[in-house]
Amino acid sequence: MPITTTPKIWMNGTLVDWDKAQVHVLTHTLHYGTGVFEGIRAYETKNGPAIFRLTDHIKRFYNSAKIMGMDMPYSVEEIVQATKDTVRSTGLPACYIRPLAYYGYGEMGLNTLPCKVDIAIACWPWGAYLGDDAVEKGVRMKVSSWTRHDHNTMPPAAKTVGNYVNSTLAKVEALKAGYDEAIMLAPNGLIAECTGENIFCVRDGIILTPPTSAGALEGITQNSVMRIARDLGYDIRVDNIARSDLYIADEIFACGTAAEVGSVSMVDERLIPCPGPMTRAIAAVYAKAVRGQDERYIDWCELA
Ligand code: PPE
């Protein structure tokens, strides 16, 4: 999806002009995929742009860095504030936000210990990742021929830049085969997640979503959806899902910051009832919650 330019990008403590936010071709992370990132959304609310669960996203950013052994040069609070400053500097009522911590220019080689950590925060307007009508129309998914990396190769709990090579292989394979998105299986064959979303499967009124141990990212949207589902009176559990559970599901949906909530209409040529009533209800509450229109979830909306 194309990027629209905005006035400023935050780099190591300064808001620089969009065109000046550049790195050297010998930037360490460009060569080795070292580095960690976040994906966050700011939504238009009656009180101005509100960044959805900003502090939780920045805490996960720091957890990713900790898993990777990367020493962050700022505190969580400083990066929370920097993210707000960046959003405000653009004047946008709503946007997608991408904080990135990377090893910059100056060191080469696999030893990251001497490398300096640089941090950048950019934001731009970005539409719903799986299409604006992803709830009503549904997306078609294919179980990928690519396996999600396991905990002892590339920890899937960290949003490491290099981890996404696995996701792009799967995404492009699915698109070329005529599908919209891929479902990743863990090395043991259980469902992990999609390329950039968590997945949920409904059977007999029970909603299941795979655990981190199955290779799923600890999704902040996943966590929000679980609270919303419980508040709607639904039975939602974190548990393993097999490929065959998906084929005979009553409803399937996927969620993530970029994608929001989208229903799944097909998995590997098996039609899934879509949109399901639980998916629709959850998506409707989520859409209000992120815009500060539901008092129950107002603490999730952090004003820029
Ligand atoms: N799994 C993966 C692998 C993932 O990348 C994301 C977010 C999620 C689950 C959902 O997490 P959360 O956003 O906290 O609910 N993917 C981000 C990047 C997407 C991209 O393609 O780039 C996002 O949605 O911002």
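The values are calculated or read from the model by the stated rules, or taken from the named source; none is laboratory data. None of the values given here were measured: they were computed from a predicted structure. Heads up, the Cβs are rebuilt from the backbone with ideal geometry, glycines too, and the neighbour counts pull from every protein chain shown. To get the accessible areas, we keep the full protein, side chains included, count just its heavy atoms, and leave off ligands, DNA and RNA. Shrake-Rupley method; radii C 1.70, N 1.55, O 1.52, S 1.80 Å.
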Legend entry - For Ile207, residues with placed amide H under 5 Å, excluding near neighbours: Asp235, Ile236, Arg237
Inset, instruction - Under 15 Å from the Cβ of Leu271, count the other residues' Cβ atoms, weight Lys and Arg +1, Asp and Glu -1, and hand me the total. - result: -1
Inset, instruction - Tell me what the chain gives for mean residue ellipticity at 222 nm when only DSSP H runs of n ≥ 4 count, each as -39,500 (n - 2.57), the sum divided by the residue total, rounded to 500 deg cm²/dmol. - result: -8000 deg cm²/dmol
Legend entry - Solvent-accessible surface (1.4 angstrom probe) belonging to Lys59, in square angstrom, nearest 10: 110 Å²
Legend entry - Accessible area (Å², 1.4 Å probe, nearest 10) - Ile206: 50 Å²
Inset, instruction - Apply the Karplus parameterisation 6.51 cos²θ - 1.76 cosθ + 1.60, with θ equal to phi minus 60°, to every residue of segment 81-92 and state each ³J(HN,Hα) to the nearest whole Hz, in sequence, with x for glycine and proline. - result: 5, 4, 5, 4, 4, 5, 4, 4, 5, 7, x, 7
Inset, instruction - Using only Cα atoms, tell me the angle between helix 220-231 and the longest principal axis of the chain; keep it within 0 to 90° and round to the nearest 10. - result: 40 degrees
Legend entry - Accessible area (Å², per residue) of segment 134-289, counting only protein heavy atoms and a probe of 1.4 Å: 39 Å²
Inset, instruction - Mind listing the long-range amide H neighbours of Cys194? Cut-off is under 5 Å, sequence gap 5 or more, other chains count too, H placed in the peptide plane at 1.01 Å from N. - result: Met184, Ile199
Inset, instruction - Note the angle between two axes, namely the Cα long axis of helix 54-67 and the longest principal axis of the Cα atoms of the chain, as a number of degrees from 0 to 90, rounded to the nearest 10. - result: 80 degrees
Legend entry - Probe 1.4 Å, all protein chains present, accessible-area order of Lys171, Lys20, largest first: Lys20, Lys171
Legend entry - Disulfide-incompatible cysteines by the Cβ rule (no partner under 4.7 Å) in the chain: Cys115, Cys194, Cys201, Cys255, Cys274, Cys301
Legend entry - Long-range amide H partners of Tyr179 with built H, under 5 Å: none
Inset, instruction - Pop out the ³J(HN,Hα) list for segment 287-304 in order, Karplus 6.51 cos²θ - 1.76 cosθ + 1.60 with θ = phi - 60°, rounded to Hz; leave Gly and Pro as x. - result: 4, 6, 4, 5, 9, x, 9, 9, 4, 4, 10, 4, 5, 6, 9, 9, 4, 6
Legend entry - ³J(HN,Hα) computed for each position of segment 252-265 - Karplus, 6.51 cos²θ - 1.76 cosθ + 1.60, integer Hz, glycine/proline x: 9, 9, 10, 8, x, 4, 5, 7, 6, 10, x, 8, 10, 9
Legend entry - Kirkwood Rh, angstrom, segment 134-289 [1 / mean 1/r, Cα pairs]: 15.2 Å
Inset, instruction - Would you kindly work out the equivalent ellipsoid of the chain from its C-alpha gyration tensor and give its semi-axes, the square roots of five times the eigenvalues, largest first in whole Å? - result: 31, 24, 17
Inset, instruction - For the chain, with all protein chains present and a 1.4 Å probe, just round the carbon and sulfur fraction of the accessible area to a whole percent. - result: 53 percent
Legend entry - In Å, descending, principal axis extents of the Cα set of segment 8-124: 49, 30, 19
Legend entry - Å² per residue, accessible surface of segment 8-124 at 1.4 Å: 47 Å²
Legend entry - Cross-link reach list, lysines versus Lys176, counting only Cα pairs under 23 Å and skipping chain neighbours closer than eight places: Lys137, Lys142
Legend entry - Distance between modelled label sites at Asn63 and Asn47, nm, 7 Å Cα→Cβ extension: 2.6 nm
Inset, instruction - Order Met68, Met141, Met11, most accessible first, counting only protein heavy atoms with a 1.4 angstrom probe. - result: Met68, Met11, Met141
Inset, instruction - Give, in nm to one decimal, the length gained when the segment between Glu136 and Asn223 is fully stretched (0.36 nm per residue of separation minus the Cα-Cα distance). - result: 29.1 nm
